[in-house]
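The values are calculated or read from the model by the stated rules, or taken from the named source; none is laboratory data. This structure is a prediction, so every number in the text was calculated from the model and none was measured. Heads up, the Cβs are rebuilt from the backbone with ideal geometry, glycines too, and the neighbour counts pull from every protein chain shown. Heads up: the accessible areas ignore ligands, DNA and RNA and are worked out on the full protein's heavy atoms, side chains in. Shrake-Rupley method; radii C 1.70, N 1.55, O 1.52, S 1.80 Å.
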Amino acid sequence: MAELLVDFTTSLHGHASGEGWPGLWGLEGPECLAWLGEQPEATYLMGNTYRLMSGFAAGGVPNGQDEFRPEEEASVDELTRASKVVFSSSLEEPLTWADSRPVRGDAVGAVRVMKSSGSGLLSTIGSLSLCHSLLRAGLVDRFRVVMFPVITGATGEERIDDGYPDVALEMSSRTAAAPQPLPPQPC
């Protein structure tokens with residue numbers, strides 16, 4: 001049976017993104033990226049996040065950046081090589097990002113079949129509504145929440161836990177050093 005990991009990156013406020021902030025809050029140093037890469041090979045599950053990530057794979061860069069840093073480029077290349085399942089009612093085949101397979105219809109039912117008939121690791125990337133649905137259906141085996149030391153009280157968007165039921169979790173933790181301090185943000 002496959003294991004399902006819901007994988008989130010957040011600010012201290014639990015926001016998945018923030019206006020004007022780069023991906024991973026600009027703090028993805030080598031130690032952090034090495035830790036994120038420690039999980040075994042996975043099949044990635046996406047919803048709306050596919051549009052953003054496939055744009056990066058096609059050469060786009062995040063707002064506010066002129067180009068990817070080498071470690072960001074390596075991360076996108078790794079995702080390009082990975083198997084991806086995209087839940088969408090509007091995307092048409094063939095999908096442009098390599099190794100991406102669209103699934104229409106019931107995402108919960110499809111993931112239930114993938115878990116029971118497969119092996120290895122299934123891991124979400126973003127796609128908060130997909131993650132919520134999978135938790136409500138009792139399909140999530142493990143959460144990984146990577147919290148970055150930034151405060152996004154004014155610009156934070158997409159709180160990761162909005163709409164979740166109450167759930168008790170077991171916890172383990174690890175601290176990684178930030179590669180460099182961020183420049184001050186306007187208050």
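Across the stretch 36-45, coupling constants 3J(HN,Hα) worked out from phi with the 6.51/-1.76/1.60 Karplus curve, θ = phi - 60°, read 4, x, 6, 5, x, 3, 9, 9, 8, 10 Hz, and Gly and Pro carry x. Under 5 Å from the amide H of Arg144 lie the amide H atoms of Val6, Asp7, Phe8, each residue being 5 or more positions distant or on a separate chain, with H modelled from the backbone and absent for Pro and chain starts.
Note on the chain: the alpha carbon radius of gyration divided by the globular reference 2.2 N^0.38 Å gives 1.03. Coupling constants for the stretch 105-116 follow from the phi torsions by the Karplus curve (6.51 cos²θ - 1.76 cosθ + 1.60, θ = phi - 60°), and in residue order they are x, 6, 5, 4, x, 5, 5, 4, 5, 4, 5, 6 Hz; glycine and proline get x.
For the chain, the solvent-accessible area of protein heavy atoms averages 58 Å² per residue (probe radius 1.4 Å; ligands and nucleic acids excluded).
Per residue, the Cα convex hull of the stretch 1-59 amounts to 136 Å³. Roughly speaking, to the nearest percent, how much of the chain's 1.4 Å accessible area is carbon and sulfur? Roughly 52 percent, rounded to a whole number. Less than 5 angstrom separates the built amide H of Ser83 from those of Tyr44, all sequence-distant by 5 or more or on a different chain. Taking the average, over residues, of other Cβ atoms within 10 Å as the packing measure, peptides 102-109, 145-152, 167-174 rank 145-152, 102-109, 167-174 from highest down.
Helical content alone sets the calculated 222 nm signal of the chain at -7500 deg cm²/dmol, taking -39,500 (n - 2.57) per DSSP H segment of four or more residues and averaging over every residue.
Computed from backbone phi with θ = phi - 60° and the Karplus coefficients 6.51, -1.76 and 1.60, the 3J(HN,Hα) list for the stretch 65-74 is 10, 8, 7, 6, 6, x, 5, 5, 4, 5 Hz; x is used for glycine and proline. Of all DSSP-defined beta bridges confined to the chain, some 10% are antiparallel rather than parallel.
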